[in-house]
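Structure, as structure tokens:
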Protein chains: 2
Amino acid sequence: MKQKKFILPESEIPTAWFNIQAVMPNKPLPILHPGTRQPLSAEDLYPIFCEECSNQELDTTNEWIPIPEEVREQYAAYRCTPLVRAYDLEKALGTPAHIYFKNESVSPAGSHKLNSALAQAYYAKKQGITNITTETGAGQWGGALSYAAKKFGIDCAVYMVKASYNQKPYRRSIMQTFDAAITPSPSMSTRAGKDILTVNPNDQGSLGTAISEAIELAVSTPNCKYTLGSVLNHVCLHQTVIGLEAEKQMAMAGEYPDIVIACFGGGSNFSGIAYPFMRHNIQDGKKTRFIAAEPSSCPKLTRGKFEYDFGDEAGLTPLLPMYTIGHTFKPATIHAGGLRYHGAGVIMSQLMKDGFMEAQDYDQTETFKAGVLFARTEGIIPAPESCHAIAATIKEALKCKETGEEKVILFNLSGHGFVDMAAYDSYFSGEMTNYELTDEELAKYQASADALNQ
Amino acid sequence: MKQKKFILPESEIPTAWFNIQAVMPNKPLPILHPGTRQPLSAEDLYPIFCEECSNQELDTTNEWIPIPEEVREQYAAYRCTPLVRAYDLEKALGTPAHIYFKNESVSPAGSHKLNSALAQAYYAKKQGITNITTETGAGQWGGALSYAAKKFGIDCAVYMVKASYNQKPYRRSIMQTFDAAITPSPSMSTRAGKDILTVNPNDQGSLGTAISEAIELAVSTPNCKYTLGSVLNHVCLHQTVIGLEAEKQMAMAGEYPDIVIACFGGGSNFSGIAYPFMRHNIQDGKKTRFIAAEPSSCPKLTRGKFEYDFGDEAGLTPLLPMYTIGHTFKPATIHAGGLRYHGAGVIMSQLMKDGFMEAQDYDQTETFKAGVLFARTEGIIPAPESCHAIAATIKEALKCKETGEEKVILFNLSGHGFVDMAAYDSYFSGEMTNYELTDEELAKYQASADALNQ
């Protein structure tokens, strides 16, 4: 019998996260104070984030950051996650490529998000914080943080993008099951939310707005810190357990990836699977390609600009050097709610600029077509976000079919789609629409970032 | 770090199923032809079921039935499933008991049902069958069979209990994703369905009715066979991979269960985890207790009668010797749709009669209370059916707290609840109702079975 899954015991859960900042040829540009335009120190971030996360955010020297034993213990509920050879997908495509996927959908929250949620909740608890707050788009991050907060005995308040709140009521129920307080965003509970609803009472929200609300709550509430599920360096750092495990598991399979693929929203699952392999491109002369798969409706990497921009809609965050389509971006209500963010993380943006990774964009229907083929061959119904990675994998595997190359493709299955079946319904009914950002729309949004760079 | 999960490699996927019929002190009573009252042979079952499944159904001699390599290969997509020590649930309860659970929720279909679906689809394909049909209550079995049929390249038609069809639209979407045809039952597509809808156009269906419809379709369609997800001996046989793996995994943990618990609908997940351990009670003098947890609204084991009854509402099946509350039973629309069946499997019924197992019944709200505690401690949101096993586990663990006994409790987490969040919503809103069958109702339904035994 051909081996299908490559499994590591709990003892192989990584003991340190890999900090790519320490080995990047060009370090990321500094994060700037929006008023003074001066680089921020870790201490400047303390009012918003936990101290440990703030320190990790700006750590460009330590290549390995030890994972606290308390976090590893919680990782053990689902890690190490399986690496799986997608024999039946290969067969359906008739490709000579070897396709592997890292199955992050097995986590309690159903996605990779828990890898950072547990770390952030732990550091908050350790610092004596009693409340954490955050935003969530698709609900994956909110569900993960709710669970992590519960495990470490702190309270959790989540602002959920209104479009997702209505599209995905079960994500809300999941957060409630894990005992979190959930508010649809924009809401009247913050200045940022009120300002938007006053202009447009029917505003369906965005990740940028929800971030503004969560930060406002954090800075105005005693003993409360803000947490983020993607984009930031410390979040991506925590996700590197994915790639570190995958590296060992690929070795068990006797292979090394020629191509590593992940969907791309802010970059958390991408960086998680990519960085540990990318370090061998940087340090050991490996030539692996890294492909970020993003939606055509939110093409920050394929059509955005590398410049300073706010991380949120209201302009409450520091200025981040990143590929962005502008912080005023209003995303279309695609089902991959987790990929509707206007910017790419600071590290990924620098890596993109320096040619270490590439990006491809996909229409919504194309990604669901890919997801259905994956479900029918490999059995797992993927999250709409993950469908983007599958679409890119199929594209690359079909190229191999043309050329006859036996390339090794590894993609990250960031989450399952059990809570996204309404999206599949929409696909099967033929009612699903594609949204492509027009040049005019892009120019309008981009102007909001350009204005910060003059 | 304490070991949380006990993991077996794919090479340890069992190579044979355990057939408890071969070692039972009292063999099950024969299945009877409803007209002649003569025992049925395997050949008599061929018009309805695959030949191999029919043979397994009546096999009382072979203790071990080899698992075809093609089925093991498909098992490898998710097996061996983890055995998990529920440290945090123990801590929350303050119990000295050691609680373990076998996590069958990791299968592509989200439950243990795939263990038999893959076997039945394989045997159908091998026999040259092109279409299989079935019924589904909660949708777990239908989803599993849809996937299994797709994997072996045959078509699948599912009759879904109307109450579940409406309560759980996403279960339907899952089956559609796996390419099955789904019809709400009762339907106008069969004689059995028409007869019911003519009397009550608003009938919400039952497993019994859906079985009638699926069998009718199977026997009236060329090259089509019927499959069942529970109750029958060959289904329970296929499920024994659960307990066979768990036995090895408990040994890895250095323990042996004092109590084994599973929820109980027709008996498939119960027998799967119980039989392999029960054989040591029968053969080696072990004293493990086996507890079936059923809903108070469908108390076939705790309040039913051991007698011959039909397996379906319309009376199309052979007569089965079983604990039953009567085949005319109309179940309340509880959320644990998979536990609404009127009878217990033939083998379990004999084992129950002979004192090898016991049963407990639980109110709906009590099971969800247990499920929420489990989610908040162990992270996995359980299926409403599995919540019954958790309620029983908590009850036994709290007894240990009183007595100070360090008992080892093993329960089967038959599936996850990601597609059942509407049920959790109902629980949190306080709108969830309990249904207890009155003595009058019970007597009325039971009369339909009694009439067959005079």
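Computed from the coordinates by the stated procedures, all read-outs in this text should not be read as laboratory data. Remember, predicted model here, so these are calculated numbers, not experimental data. Every residue, glycine among them, receives a Cβ derived from its backbone with ideal geometry; neighbour counts consider all protein chains shown.
Observations on the model:
- Inter-chain Cβ neighbour count for A:370-378, averaged per residue, equals 3 (cutoff 10 Å, partner chain atoms only).
- Per residue, the convex hull spanned by the alpha carbons of the range A:22-176 comes to 185 Å³.
- Projecting the alpha carbon convex hull of the range B:147-231 along each direction and taking the average yields 5.7 nm².
- With the convex hull drawn around the C-alpha atoms of the range A:331-399, the volume per residue stands at 105 Å³.
- Prolate/oblate/rounded label for the range B:253-384 (Cα gyration tensor, a/c 1.5): oblate
- In summary, the convex hull built on the alpha carbon positions of the range B:60-127 has an orientation-averaged projected area of 6.9 nm².
- Each peptide among A:361-373, B:430-442 gets the average number of other Cβ atoms lying within 10 Å of its residues, and from highest to lowest they stand as A:361-373, B:430-442.
- Size descriptor for the range B:383-432, Kirkwood hydrodynamic radius: 12.4 Å (Cα pairs only, one decimal).
- Inter-site label distance for B:Gln127 and A:Ser11 at 7 Å from Cα along Cβ, in nm: 4.7 nm
- Highest average packing first - A:347-359, A:275-287, A:292-304, Cβ atoms within 10 Å: A:292-304, A:347-359, A:275-287
- Centre-to-centre separation between the Cα atoms of the range B:68-111 and those of the range A:107-173: 24 Å.
- Projecting the Cα atoms of A:Ala121, A:Val161, A:Leu232 onto the charge dipole of the range A:112-260 (Cβ charges, centred on the Cα centre) puts A:Ala121 farthest toward the positive pole.
- Highest mean first, the peptides A:215-222, B:122-129, A:60-67 sorted by other C-beta atoms within 10 Å per residue fall in the order B:122-129, A:215-222, A:60-67.
- Label-point separation in nm, A:Lys444 to B:Tyr46, each point 7 Å along Cα→Cβ: 7.2 nm
- Zone residues, the range A:294-322, relative to A:Ser220, backbone N less than 20 Å from point 7 Å out along Cα-to-Cβ: A:311-318
- Largest-first ellipsoid semi-axes for the range B:295-454, taking √(5λ) over the Cα gyration tensor eigenvalues, angstrom: 29, 20, 13
- The calculated Kirkwood hydrodynamic radius for chain B is 21.5 Å, given to one decimal from all distinct C-alpha pairs.
- Gyration tensor verdict on the range B:279-343 (Cα atoms; rounded if a/c is under 1.5, prolate if a/b is larger than b/c, oblate otherwise): oblate
- A convex hull fitted around the alpha carbon atoms of the range B:238-327 yields 113 Å³ per residue.
- Anisotropy class of the range B:24-72 from Cα gyration tensor, a/c 1.5 cut: oblate
- Placing unit charges on the Cβ atoms only, positive for Lys and Arg and negative for Asp and Glu, gives the range A:272-324 a dipole magnitude near 420 debye about its Cα centre.
- Entries of B:Lys168/B:Lys399; A:Lys150/A:Lys369; B:Lys2/B:Lys395; B:Lys4/B:Lys150; B:Lys248/B:Lys286; A:Lys248/A:Lys300 with Cα pairs more than 27 Å apart: B:Lys168/B:Lys399; A:Lys150/A:Lys369; B:Lys4/B:Lys150; A:Lys248/A:Lys300
- Distance from the Cα centroid of the range A:249-275 to that of the range B:221-247 is 38 Å (rounded to whole angstrom).
- All C-alpha pair distances within the range A:359-454, sorted into 5 Å bins from zero, spread as 3, 12, 18, 18, 14, 11, 11, 7, 4, 1, 0 percent across the bins.
- Max-minus-min Cα coordinates of the range B:190-231 on each principal axis give 32, 24, 9 Å, with the largest extent listed first.
- Average beta carbon contacts from partner chains per residue of B:71-77, 10 Å cutoff: 4
- Cα pair distances of the protein assembly as shown binned at 20 Å [whole percent]: 15, 48, 30, 7, 0
- Comparing A:Tyr78, A:Val106, A:Leu89 along the charge dipole axis of the range A:76-119, the residue lying farthest to the positive side is A:Tyr78, per the Cβ-charge model.
- Here each label is just a point 7 Å from Cα along the line to Cβ, and for A:Thr302 and B:Glu358 those points are 6.3 nm apart.
- The range B:12-59 and the range A:344-361 have Cα centres spaced 61 Å apart.
- Per residue of B:6-13, other chain Cβ atoms within 10 Å of the residue Cβ number 3 on average.
- The coefficient of translational diffusion for the range A:97-168, derived via Stokes-Einstein from the alpha carbon Kirkwood radius under 20 °C and 1.002 mPa s, stands at 165 µm²/s.
- Estimated translational D of the range B:243-287 in µm²/s (Stokes, Kirkwood radius over Cα pairs; 10 °C; 1.306 mPa s): 145 µm²/s
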